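Notes for the one structure printed next.
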Amino acid sequence: MMKNRQKYKDKSDIFPIFIVKCKFIFTINWLMNVLLRFLQRLLLFICLSLSIVGVGVLYYIVFQLPSVDELKTIQLQVPLQIFTKDKKLLAEYGEVRRIPLPYDQIPKQLIDAVLATEDQRYFQHPGIDIPGLMRAAIKLAATGRKDEGGSTITMQVARSFYLNPHKTFGRKLREILLALKIEHKLSKQKILELYLNKIFLGARAYGVEAAAEIYYGKPLNQLTLDQFAMLAGLPQAPSALNPLTHPAAALKRRNHVLSRMYELHYITEKAYKAAIEAPLNAHYHDLQIQVKAPYVGELVRQQLQQLYGDKVFTDNFKVYTTIDSQLQNAANQSVHDGLIAYDQRHGYRGPEQNFGTPSLKHMEEWEKALGKIPVINGLEPAVIVDMNAHSITALRANGSLVMIPWQGLSWARKQLSPDLLGRMPKSTSEIVNLGDVIRIMETKQGWRLSQIPLAEAGIIALDPTDGKILALVGGFDFQHSSFDRITSANRQPGSSLKPFIYSAALDKGYTLASVINDAPVVVENPTDSSLWRPQNDEHRFYGPTRLRDALTLSRNLVSIRLLNQIGLPYAIHYMQRFGFTAEQLPQGLSLALGTALVTPIQMAAGYAVFANGGFKVVPFAIDSIRDKEGQVIYQAKPLAACFSNCATQPANSYAPRVVSPQNAYLITSTLHDVIQRGTATLARSLQRKDLAGKTGTTQNQVDAWFAGYNSDVIAVAWVGYDQQQRSLHEWGNQAALPLWIQFMQAALEGRPEHPLEQPSDIVSVRIDPLTGKRASAHDPAGIFEYFMKPYIPEEEQTTVAAQQDSNTAAPEGGGVY
């Protein structure tokens, strides 16, 4: 019984403990419920707050997004393009090479290739690809790296047009939202068109058409499947996958694109296998210039940049020049051939370097070395690898071998000094050695040994009616020397300046029959009392000479006396009518021998006055300019010569008249004689009667000139060294005239003769050739001469020159020489 009581007592002690435990558990549960409700409310509050903040941020981002409406009409950066008057490309300027194409001109195979590798669900998704974004998110979680991924083509368009390249979550969000906006505003085709024209594809190529031109040298629509695949693989990494610098990587990427196209059934198994076996065959192709006129391009570029600033290089300006493509090609060829011929007349100077003894193990190394040497106007570098008595074999940079026969070598007499040549060679060993690095050029007769000319040359052709520049070559090779000797080189013109002095004399009452004594002249320089004794080129004196003969045969002493008689100040003032400035003309009688400093383009403008009958036209190269919209923003309106009814037209509607038509006709008549019986008889080979011109050679034969024209074309050719004291050792009719003849042969081919029309008040009178006086109709020695009516000589009249002539001429106030 005691035990039972004890047991009971133990149980009664446990019960209060149980009650306490229950209360504790209840309290804990209550507290947990309260805490849970608090956490739920807190979480709900946080979620609501975050949602509000998120919506606010999202609204702010959306509000801050740029409008995509401009994408409908956006103009991509396109370089400046310059064309000839017949719409042939002659130059392009700008860092970006892009040729935009509309969607319907982009080949379907290229579109398939791009979609297969860049965005296979492009035509199904709304601008963002959710599976792609999820894959990118998983990759981010796994690697912690913010690599590009999940970007659709639309997102790439958004990024390239509106966002910076920095990889941030904020940028990615904006990219997604912009993609949705773009898809809402533009068609899928328009978005794809923007993408394919905007993307960078390496080697300065932006857009697929420019890339096709650069890598394959042909338009996009002429590429093959394997080539489309190569281009489609480039957007991922244009530099690392560039076929020019990383061909192995490019080939692997191309084949991946082809595999994707095959997997997605864009191409057949047969097409896939053929394309996968095709070589990469990508090479760098420079801009497809249709007409070689780099000096014209640079001239126009400078003028445009002054007018419009740097935007001309990006805003798709198209400039149409006055250049005639056929005449430009003829000018290029005449400068090339003329300088090569001049250079070879003065002997062979030897190889540029020597690579050593030829051997098969050196061939690849030599090819690479040759590839680093630039080609200069068709003159290729080559190395001699074999030779016999009368021929050589040379290795070219492309690995091919060419044989040069004796007829391409025999010209190469050794140049002992600029004016002294060695004997004619009898075998190749007297000319070259094995391993010599030489220049070769291809001709119609085969390969020929050559060398880069040290002299330079230039030619310019104008339309004398309004000053249009028809052709311009400023040097032998623009890459070799970009200095434009036509527009920028101030050179002495020599006797080619004389027609302007004779024109001044005619305007003062002299005639072509006026007689001046060709006798020694001594001029004292008042500054140091030194004496100047000028000479004729032949070092002879010819006695009394009519002005026509003096200009035709380029008599220096008559020209000096004539300038002295008409007065130096008057002559300088008069010559400014032709476009020369007083600062260019020396204040001394040496002006009569052409010691002024002028540019060839100035000489061409001056001679145009004679060619068009007396009007001063201004040379110009830009005919019109069109902006990115295709609107004409500039149209040249040159003042042209007036040939009929000039009195009834406003004076400011045509070019200003600076000499009378009678004056221009008489000078032209005399310059016609220069070709027929004077210093330029070589030009008779053109077999035309409408040509006039004048040779020019400066002291010590430093400069050689020929300026000649008919009523359709005026052309000026110049030859000389950039080192202005170096002698050519040739006259103007030897060095410059052949260039002019070759050019005019092409320029006037098929054109009828067009001599300057004889104006009114010009009459032909029989004169005594010795005295210049009027001769009787029965004088058997009489010849006919043209005169302006007011200056027809009487039979008993003495000439102006006979009254004023003296054996020693002195300048007014002395001369500067």
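The values are calculated or read from the model by the stated rules, or taken from the named source; none is laboratory data. Just so it is clear, the model here is predicted, and its values are computed rather than measured. Please note: Cβ atoms are built from the backbone with ideal geometry, for glycine as well, and neighbour counts cover all protein chains shown. Areas reflect the complete protein model, heavy atoms only, side chains present, ligands, DNA and RNA absent. Shrake-Rupley method; radii C 1.70, N 1.55, O 1.52, S 1.80 Å.
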If amide H atoms are modeled at 1.01 Å from N in the peptide plane, then the residues at a separation of 5 or more from LEU512, or on another chain, having amide H under 5 Å from its own are none
So for the chain, taking the charge dipole from beta-carbon charges (+1 Lys/Arg, -1 Asp/Glu), which of LEU234, TYR215, GLN407 sits furthest toward the positive end? LEU234
Label-to-label distance, nm, for residues given as HIS283 and VAL375 (7 Å Cα→Cβ offset): 0.9 nm
Counting only protein heavy atoms with a 1.4 Å probe and every protein chain in place, the carbon and sulfur fraction of the accessible surface of the stretch 392-519 in whole percent equals 49 percent
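Evaluate E = 1/(1 + (r/R0)^6) for ALA582 and VAL632, where r is the Cβ-Cβ distance and R0 equals 22 Å; express this FRET efficiency to the nearest 0.05.
0.05
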Setting aside same-chain residues fewer than 8 positions from LYS508, which aspartates and glutamates have a Cα under 20 Å from its Cα? ASP549, ASP761, GLU785, GLU794, ASP805, GLU812
Contour minus end-to-end for ARG37 and GLN445, with contour as 0.36 nm per residue of separation and end-to-end as the Cα-Cα distance? 136.7 nm
Go ahead and collect, in residue order, the members of the stretch 105-135 whose backbone nitrogen is under 20 Å from a label point 7 Å along the Cα-Cβ direction of LYS190. 105-106, 122-128
Sequence-separation-based contact order of the stretch 346-475, relative, with Cα cut under 8 Å and 6+ spacing, percent: 27 percent
Would you kindly state how much longer the chain becomes between THR681 and LYS88 on full extension, computed as 0.36 nm times their sequence separation minus their alpha carbon distance, in nm to one decimal? 209.9 nm
Structure shown: which of LYS368/LYS426; LYS218/LYS318; LYS181/LYS252; LYS218/LYS311; LYS468/LYS628 lie over 30 Å apart, alpha-carbon to alpha-carbon? LYS368/LYS426; LYS181/LYS252
If you take Rg and Dmax of the Cα atoms in Å from the coordinates, which of (i) 26.8, 82; (ii) 45.1, 142; (iii) 41.5, 191 do you get? (iii)
Run the quick spin-label model on PHE26 and TRP532: label points 7 Å from Cα toward the beta carbon, then report their separation in nm to one decimal. 13.3 nm
How large is the helix-only mean residue ellipticity at 222 nm for the chain, computed as the sum of -39500 (n - 2.57) over DSSP H runs with n ≥ 4, divided by its residue count, in deg cm²/dmol to the nearest 500? -11500 deg cm²/dmol
What does the charge count near VAL257 come to, summing +1 for each Lys or Arg and -1 for each Asp or Glu among other residues with Cβ under 14 Å from its Cβ? -1
The local net charge around SER727, scoring Lys/Arg +1 and Asp/Glu -1 for residues other than SER727 whose Cβ lies under 13 Å from its Cβ, equals -2
Set the Förster radius R0 to 41 Å, insert the Cβ-Cβ distance between LEU360 and GLU263 as r into 1/(1 + (r/R0)^6), and round the FRET efficiency to 0.05. 0.30
May I ask you to list the aspartates and glutamates whose Cα is less than 15 Å away from that of LYS616, ignoring any residue fewer than eight positions away on the same chain? ASP463, ASP466
Here, GLN236 and ALA249, labelled 7 Å along Cα→Cβ, have an inter-label distance in nm of 1.1 nm
Report the full-extension gain for the segment THR648 to LEU416: residue separation times 0.36 nm, less the Cα-Cα distance, to one decimal in nm. 76.9 nm
Return the aspartates and glutamates within reach of LYS87: Cα separation strictly under 18 angstrom, same-chain partners fewer than 8 residues apart disregarded; answer none if there are no such residues. GLU298, ASP324, ASP623, ASP627, GLU629
